[in-house]
Amino acid sequence: MARQNTRPEQDSEIVEKLVNVGRVAKVVKGGRRFSFTALVVVGDGKGRVGFATGKAREVPDAVRKATEKAKKSMIRVPLREGRTLHHDITARAGAASVIMRPAPVGTGIIAGGAMRAVFEALGLSDVVSKSLGSNNRSNLVRATLNALQAIQSPREVALKRSKKVGEIITRREAGSKTASAELKGLEDNE
């Protein structure tokens, strides 16, 4: 009896973003041998994202290897309204540090190259971010994914605190109203 593939085909909707291609030279007796490394970010545009590097003698082979590894290392990220983050977050990897904040509708993706690739593959449409420290693309992607892994949805927070989701969300909205009222008061005083 032939074994059927029980996992649904997901390759059709996978978004691939090539972040970086590097050339590596190995000096041998007859000269130099070149190989290529590729950093690839993949996502489904609906809250799942992963990244990996691949190395081969030719660029297409390196990209293919990286893509296959990235698909295996995908993580799920909880999104607010399917378009932005739930809360502010910072993370680091090596000397690269990133700050990410949720944004109102219509803001778009405000991010640099490596972080932008992760957000587009993930399916975020409104986010404000800043990278600090090193601009090494590999570490920036790693730091961005570290931050995304640490994001908690209101449901997860409510479960941990033994509260209802409504209590968590109303506090968040009340906090943003208080902050906007404080800003308005500061503007009126000037």
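The values are calculated or read from the model by the stated rules, or taken from the named source; none is laboratory data. As the structure is a prediction and not an experimental result, all values here were calculated from the model. Neighbour counts are summed over all protein chains in view; Cβ atoms, including those assigned to glycine, are modelled from backbone coordinates with ideal geometry. Just the protein is used for accessible areas: all its heavy atoms, side chains included, with ligands, DNA and RNA removed. Shrake-Rupley method; radii C 1.70, N 1.55, O 1.52, S 1.80 Å.
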message: If I model a spin label as a point 7 Å beyond the Cα along the Cα-Cβ vector, how far apart are those points for Thr107 and Arg57 in nm?
response: 4.9 nm
query: Taking segment 36-138, which GluC sites (Glu not before Pro) meet the DSSP loop condition and have no more than 15 other C-beta atoms within 10 Å?
result: Glu58, Glu81
- line: Relative contact order as a percentage, segment 48-115, C-alpha pairs under 8 Å and 6+ apart, gives 22 percent
query: Taking a probe of 1.4 angstrom, what is the accessible area of Ile151 in Å², to the nearest 10?
result: 10 Å²
field: Under the Debye formula (equal points on every Cα, no solvent term), log10 I(q)/I(0) of segment 1-150 at q = 0.08, 0.09, 0.10, 0.20 Å⁻¹
entry: -0.26, -0.33, -0.39, -1.17
field: Sequence-distant lysines (8 or more away, or on other chains) whose Cα lies within less than 28 Å of Lys26
entry: Lys17, Lys55, Lys65, Lys69
query: Just the Cα atoms of segment 82-172, one point each, no solvent: what log10 I(q)/I(0) does Debye give at q = 0.17, 0.18 Å⁻¹?
result: -0.72, -0.78
query: If eta is 1.567 mPa s and T is 4 °C, what Stokes-Einstein diffusion coefficient results for segment 46-116, Kirkwood Rh from Cα pairs, in µm²/s?
result: 90 µm²/s
message: Show me, for segment 74-89, the HN-Hα J-couplings you get by feeding each phi into the Karplus relation (A = 6.51, B = -1.76, C = 1.60, θ = phi - 60°), rounded to Hz, glycine and proline as x.
response: 6, 10, 9, 10, x, 10, 8, 6, x, 9, 9, 7, 7, 7, 5, 8
